[in-house]
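Engineer: Submitted below is the structure of interest, expressed as structure tokens.
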């Protein structure tokens with residue numbers, strides 16, 4: 001579909017562009033809010049600064065697309081392919097990214113507050129400084145993701161895979177981390193105040209200068225973790241946890 005035809009059709013009131021072929025199209029700054037783009041091909045398309053608020057983009061191919069600074073608030077991106085897409089500085093608050101593929105995507109500084117990222121693939125994604133406050137990230141694959149300085153207060157990360165992830169200075173206060181896999185992750189200077197880490201895998205984790213005040217580490221695996229007795233002494237519970245050394249007791 002020609003870009004000008006699409007814009008003209010939208011301005012005339014048409015909202016249904018399901019399965020449209022817009023591969024490599026330049027849609028910079030376009031206003032397509034509330035449109036239906038489900039199943040469309042937008043791979044390598046340019047959508048910088050576009051207004052896509054509330055748009056249906058489920059099962060859409062956005063591989064390598066440039067969506068930097070776009071408004072994607074409350075957009076439906078379930079099952080979409082966003083592999084290696086550029087979403088830096090975009091607004092994705094309240095977006096549905098359930099089972100979306102974001103492998104290697106650039107989400108630097110992106111607002112994902114209250115977003116649904118359940119079972120999403122964020123392997124190797126760049127989430128530096130991203131806002132994930134209250135986001136649902138249940139079971140997501142975040143293997144090797146870069147989350148340095150991310151804000152994740154109250155986020156639900158139960159059963160997520162965060163092995164080898166960079167979580168330096170991340171704010172995880174009040175986060176749900178039950179059963180999360182953080183093996184070999186870096187949590188240096190992270191804020192884990194009041195976080196629920198029951199049954200979490202923290203084997204080999206770097207918790208240098210991390211705040212563990214009131215954190216629940218019951219049955220957590222801290223084998224070979226870099227953490228001090230003083231830090232662990234601030235935790236709410238260490239019952240049945242596997243300790244980095246035998247001198248720590250609940």
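Every number in this text was worked out from the coordinates using simple rules, so none of it is lab data. This structure is a prediction, so every number in the text was calculated from the model and none was measured. Note that we place each Cβ from the backbone using ideal geometry, even for glycine, and neighbour counts take in every protein chain shown.
Engineer: Just to be sure I understand the curve: with the Debye formula and one point per C-alpha of region 52-174, what is log10 I(q)/I(0) at q = 0.10, 0.14, 0.22 Å⁻¹?
Structural biologist: -0.23, -0.46, -1.28
Engineer: Using Cβ counts within 10 Å as a stand-in for footprinting exposure, how do 208, 38 rank, fewest first?
Structural biologist: 208, 38
Engineer: Bin width 10 Å, origin at 0, all Cα-Cα pairs of region 1-116: what percent of pairs per bin?
Structural biologist: 17, 56, 24, 2
Engineer: In region 3-88, what percentage of the DSSP-assigned beta bridges are antiparallel, given to the nearest 5?
Structural biologist: Roughly 0 percent of the beta bridges in region 3-88 run antiparallel, per DSSP.
Engineer: Simple spin-label model, 7 Å along Cα-to-Cβ: residue 242 to residue 5 in nm?
Structural biologist: 6.1
Engineer: Further question on the same structure: Residue separation times 0.36 nm, minus the C-alpha to C-alpha distance between residue 12 and residue 28: what's the value?
Structural biologist: 3.8 nm
Engineer: Which whole-number percent gives the relative contact order of region 126-250, counting Cα pairs below 8 Å spaced six or more residues apart?
Structural biologist: Relative contact order of region 126-250: 16 percent.
Engineer: Once you sort the root eigenvalues of the Cα gyration tensor of region 140-239 as a ≥ b ≥ c, which label holds: rounded (a/c under 1.5), prolate (a/b larger than b/c) or oblate (the other case)?
Structural biologist: It is rounded, given that a/c, with a ≥ b ≥ c, falls under 1.5.
Engineer: Beyond 14 Å, what percent of the Cα pairs of region 1-45 remain? Please list the in-between numbers first.
Structural biologist: On the way: 439 of 990 pairs.
Value for region 1-45 (Cα pairs over 14 Å): 44 percent.
Engineer: Sort all Cα-Cα distances of region 67-123 into consecutive 10 angstrom bins from zero, then give the percent of pairs in each bin up to the one containing the longest distance.
Structural biologist: All Cα pairs considered, the percentages come to 30, 64, 5.
Engineer: Follow-up question, since we're still on this one. Compute the Cα gyration tensor for region 37-100, then decide on rounded, prolate or oblate, letting a ≥ b ≥ c be the square roots of its eigenvalues: rounded whenever a/c is under 1.5, prolate when a/b is larger than b/c in the other cases, and oblate in all that remain. Spell out each step's value before the answer.
Structural biologist: Numbers: a/c = 1.44, a/b = 1.03, b/c = 1.39.
It comes out rounded by the Cα gyration axes.
Engineer: How high is the relative contact order of the chain, given as a whole-number percent (alpha carbon pairs under 8 Å, six or more residues apart)?
Structural biologist: Once divided by the residue count of the chain, the mean separation gives 8 percent.
Engineer: Give me the compactness ratio for the chain, meaning the Cα radius of gyration over 2.2 N^0.38 Å.
Structural biologist: 1.12
Engineer: Taking neighbour counts of Cβ atoms within 10 Å as a proxy for exposure, in what order, fewest first, do 23, 236 appear?
Structural biologist: Details: 23 14, 236 17.
With the fewest neighbours first, 23, 236 line up as 23, 236.
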